[in-house]
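Notes for the one structure printed next.
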Ligand SMILES: [Zn+2]
């Protein structure tokens, strides 16, 4: 008897989850459609819809155009009944973003604050996040959690940073944030969070090499529809691939890493100006020096893309801070360079530009809690 009731409860939960996930996937649907596609009885579907509606997870809003007979009511999930907050920590600032259950950006902000391994820093970050939440009137029970994307390799259990040469944050631990915020907290490597966002935006993507074109270069590898962590969590750190053993010194201690050629820092310091000034100036006036600098940047990027594409035969995604500045002609230039001489040409559709610019890692980090909710909390 006890066994039977457990089975009934489990079945009820499975049905509820299936109905919710179906509505989530369809975005808009009707009761009849659910009955038909999930092959469930009308009364089971009705019961589940009532429960989901009472819990505030779905809403019935408006009617579909009639195809004869009674108009069907539109059913959809309430996309912001739960939200997640993502934070992108950088050396001199941090970005905060709130996303809904579809991963769509609801709000964002940037706070200038130099990183330091001090109580004062962590207090300020926590304070600004709380202000951000208050300002946008998000309710505490609406927030699934706060996920921090930081530069640096994270331990396999997610509790601490194990390598943090850029920010000098090798002693950062998750509890630095978690103890100061009344929400679940999570720590992620910024490049892997960025790759996760790209994967989320492209559900059919199986594999990819992801370049995070931030002030410091980052990278990640996607295989089998998952971000590849690596046995010591540093898969995809393409920024330290050596381009020239006699090249400029990298912060990691080696010379000629891709970081020293393709990070936004490398470009901005060579140009003597920020990207927001560099690109309009370069595109409008075609200043010789700036054209040379940009072509030099693209040459090195194409070199890396070509080589990495030999290891992983997949699309290549360029995302992060510099991505919004890329024009069609830049992608054509990179493809020309790659395909000038190669046994395996890269086609235009395999070179993809990300869409979230500098918020990419923060948005990707936030998805950790959205995914967790969709998989385990309904
Ligand atoms: Zn390096």
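Bear in mind that the values in this text are calculations on the coordinates, not laboratory data. Being a predicted model, the structure only gives us computed values, none of them experimental. Virtual Cβ from ideal backbone geometry, glycine too; neighbours counted across all protein chains shown.
Listing for the model above:
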| quantity | calculated |
| --- | --- |
| Share of alpha-carbon pairs per 10 Å distance bin for region 204-355, given as whole % | 11, 41, 37, 11, 1 |
| When region 296-377 is reduced to its Cα atoms, the Kirkwood hydrodynamic radius in Å | 14.3 Å |
| On Cα atoms only, tilt of 288-311 relative to the major axis of the chain in degrees | 60 degrees |
| Nearest-0.05 FRET efficiency for residue 17 and residue 269, computed from C-beta distance (R0 56 Å) | 0.65 |
| Whole-angstrom gap from region 73-115 to region 307-367, using each part's C-alpha centre | 24 Å |
| Value at 222 nm in deg cm²/dmol, rounded to 500, when DSSP H runs of n ≥ 4 in the chain each add -39,500 (n - 2.57) | -13000 deg cm²/dmol |
| Rg(Cα)/(2.2 N^0.38 Å) for the chain, N = residue count | 1.12 |
| Fully extended contour minus Cα-Cα distance, from residue 116 to residue 348, at 0.36 nm per residue | 79.3 nm |
| Exposure proxy ranking, count of Cβ atoms within 10 Å, fewest first, for 344, 278, 326 | 344, 326, 278 |
| Viscosity 0.890 mPa s, temperature 25 °C, Stokes-Einstein D of region 269-319 from Kirkwood C-alpha radius, µm²/s | 196 µm²/s |
| Zero-based 5 Å bins, Cα pair distances in region 244-302, whole percents | 4, 19, 27, 24, 14, 8, 4, 0 |
| For region 2-77, alpha-carbon Rg and Dmax in angstrom | 13.3, 47 |
| Cα gyration tensor shape of region 191-281, rounded if a/c is under 1.5, else prolate or oblate by comparing a/b with b/c | oblate |
| Pair residue 233, residue 59: separation of 7 Å Cα→Cβ label points (nm) | 4.0 nm |
| Ranked 93, 167, criterion: other C-beta atoms within 10 Å, fewest first | 93, 167 |
| Within the chain, percent of DSSP bridges classed antiparallel, to nearest 5 | 65 percent |
| Sorted by Cβ neighbour density within 10 Å, fewest at the top, the residues 292, 255 | 292, 255 |
| Protection proxy ranking, peptides 353-360, 368-375, average beta carbon neighbours within 10 Å, highest first | 353-360, 368-375 |
